[in-house]
Amino acid sequence: MIIKNAKFYLGGRVVSKDILIENGKFKGFGKFKGEGIDAKGLFALPGLIDPHVHLRDPGLTSKEDFRSGTRAALAGGFTTILDMPNTKPPTTTAATLRKKAEIAKKKAVCDYGLHFGATKNNFAEVKKAKPKSMKLCMGETTGKLLVDDVYSTWRHFEKFPKEKPLLLHAEDEETLRAMEKLKKGRGEVAEKIAVEKARMLAAQANRVVYFAHTTTFEAVHLAKIWGRSLVEATPHHLFLSKEKDGKRLKQFANVYPPLRSEAERRELWGALYFVDSVGSDHAPHTPQDKEAGAAGLPGLETSLALFLNAYNEGRVELPWIINRMAESPAKIFGLKTKGRIGKGYDGDLTLVDLKEKWNVSADGFESKCGWTPYEGFRLKGRVKKVILKGKLVVDGSRVVKEIKGKRVL
Ligand code: NCD
Ligand code: ZN
């Protein structure tokens, strides 16, 4: 497969060359003879990686499943996603991990990895399953995968292999409960306390911790006091706020951690440099579930486009987007063949039109949930074509082909 006339970063500068992919891998860059896909006017990013996605399979497939969720990923420009363990049953034993792997193998149409889940006492199962990454929820969220005591948290920090990423939902459960009783809402202090607790324990255990969806400038900086902390940011905490969007979306704005104030949202942009990765925290719920109070927002099909729009507004550089949405997640999660346009890497590409303006609408979206918090947003910058291991799977911003995804984690 030859991609003709694409612009892309190669060795740190923008070039305009053909890209040759052979046997699913990048083979060379230059001028090649033969038929190919014309990418004139498009910018090629390495196939993006979303490290924080809830695909709801098994058990909650009215919200999403491995097929609909991975189609949504492709439409949004992601060729690899990492799935979260709060399914039904949760992915907290060797058997449930195996079962989920079988389902994903049948249904996934992009590459994928499966995060394992920590419970207060599944130490033997962690040992048995040997997952490459694990998620630990310090505060209650969808699915009730809760580890809210220091003893179990510390034990997981010590026992889980030190170099493997341990992902944290950092909201302190005791603080959340107190805030509820005091009618103080679910404020950012619960996050800061959890971040403080976790980074101190991580320093004690001398291990890497990955803070999922950090929401404030202060939380990012508190996390980074421990030199081996990794920090993820989500699009919704960067692009939506309590005042503006909370009002507009009512219970549809409900998400953990919650949307913050407009002032905090703006401040978070100031911490962008310290953010290691972007995770969409794609957490689809049906409109009925949202009406009934479910927390979580879909994000796969809007995450990249929001950042491309921010690029067009001069708020972020393309190398930042490429690094935090491809290179850095590949490095953090040990995906050695992913995240770069370079010889020998997997032939995954996200081709975007940086100038196309479009209106976000869930109407044409692939996610089963059928809604988006960004409905009606006018964005500049859009995914046009996606290439997965040398095959054109998205064309004209639509999924046009399904090939089997491969497990990478
Ligand atoms: C997530 C979900 O629905 O699975 N919800 C959310 O509000 N973010 C769970 C989570 O990531 O905490
Ligand atoms: Zn999540």
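Please turn the phi angles of the range 20-34 into ³J(HN,Hα) values with the Karplus equation 6.51 cos²θ - 1.76 cosθ + 1.60 (θ = phi - 60°), one per residue in order, whole Hz, x for glycine and proline.
Rounded to whole hertz, the list is 9, 10, 10, 6, x, 10, 5, 10, x, 9, x, 10, 10, 7, x.
Please identify the DSSP H helices in the chain that span no less than 30 Å along the helix axis (Cα) and have a mean Kyte-Doolittle hydropathy of 1.0 or more.
Once both thresholds are applied, nothing remains.
Full-extension gain between Lys120 and Tyr151, please, as 0.36 nm times their residue separation minus the C-alpha to C-alpha distance.
In short, 10.3 nm is gained.
Cα centroids of the range 320-345 and the range 191-219: how far apart, whole angstrom?
24
Mind checking the per residue accessible area of the chain for me, 1.4 Å probe, whole number of Å²?
40
Rounded, prolate or oblate for the chain? Axes are the square roots of the Cα gyration tensor eigenvalues, ordered a ≥ b ≥ c, and the cut-off for rounded is a/c under 1.5.
prolate
If amide H atoms are built 1.01 Å from N in the plane of the peptide, which residues on other chains or at least 5 residues away come under 5 Å of the amide H of Leu55?
Met84
Per 0.36 nm of contour for each residue apart, how much would the distance between Ala263 and Ala178 grow if the chain were fully extended, relative to their Cα-Cα spacing?
So the extension gain works out to 28.1 nm.
Amide H neighbours of Cys137 under 5 Å, counting only residues 5+ apart in sequence or on other chains, H built in-plane at 1.01 Å?
Ala118, Val147, His169
Treat each spin label as a single point 7 Å out from the Cα along the C-beta direction, and report the Lys336 to His221 distance in nm.
Rounded to a tenth, the inter-label distance reads 3.9 nm.
Can you work out ³J(HN,Hα) from phi for every residue in the range 352-363, in order, using Karplus 6.51 cos²θ - 1.76 cosθ + 1.60 and θ = phi - 60°, giving whole Hz and x for Gly and Pro?
10, 9, 5, 9, 5, 9, 8, 9, 5, 8, 5, 3
Quick one: 3J(HN,Hα) in Hz for the range 392-409, Karplus 6.51/-1.76/1.60 with θ = phi - 60°, rounded, Gly and Pro as x.
Per-residue couplings from phi come out as 6, 10, 10, 9, x, 6, 10, 5, 10, 7, 10, 10, 5, x, 10, 7, 10, 8 Hz.
In deg cm²/dmol, rounded to 500, what helix-only [θ] at 222 nm does the chain give when every DSSP H run of at least 4 residues adds -39500 (n - 2.57) and the total is split over its residues?
-7500 deg cm²/dmol
Please sort 359-368, 271-280, 32-41 by packing, taking for each peptide the average over its residues of neighbouring beta carbons within 10 angstrom, highest first.
271-280, 359-368, 32-41
For the range 1-119, give the percent of accessible area contributed by carbon and sulfur heavy atoms, probe 1.4 Å, rounded to a whole number.
52
Please give me the summed charge of the neighbours of Leu268: other residues whose Cβ is under 15 Å from its Cβ, Lys and Arg +1, Asp and Glu -1.
So the environment of Leu268 carries a net charge of -2.
Can you check what the net charge comes to around Tyr345, using other residues whose Cβ is under 12 Å from the Cβ of Tyr345 (Lys, Arg +1; Asp, Glu -1)?
Net local charge, Tyr345 excluded: +4.
When DSSP beta bridges are limited to those with both residues in the range 48-335, what percentage is antiparallel, rounded to the nearest 5?
Percentage antiparallel, nearest 5: 0.
Skipping prolines and chain starts, which residues have an amide H placed within reach, meaning under 5 Å, of the one on Leu10, given they are 5 or more residues away or on another chain?
Val15
Return the whole-Å distance between the Cα centroid of the range 1-56 and the Cα centroid of the range 375-391.
With the range 1-56 and the range 375-391 each reduced to a Cα centre, they are spaced 14 Å.
The values are calculated or read from the model by the stated rules, or taken from the named source; none is laboratory data. What you are looking at is a predicted structure, and each value in this text was computed from that prediction instead of being measured. FYI the Cβ positions are ideal-geometry reconstructions off the backbone, even for glycines, and counts take in every protein chain you see. Ligands, DNA and RNA are stripped out before the accessible areas are found, and what is left, the full protein with its side chains, is counted by its heavy atoms. Shrake-Rupley method; radii C 1.70, N 1.55, O 1.52, S 1.80 Å.
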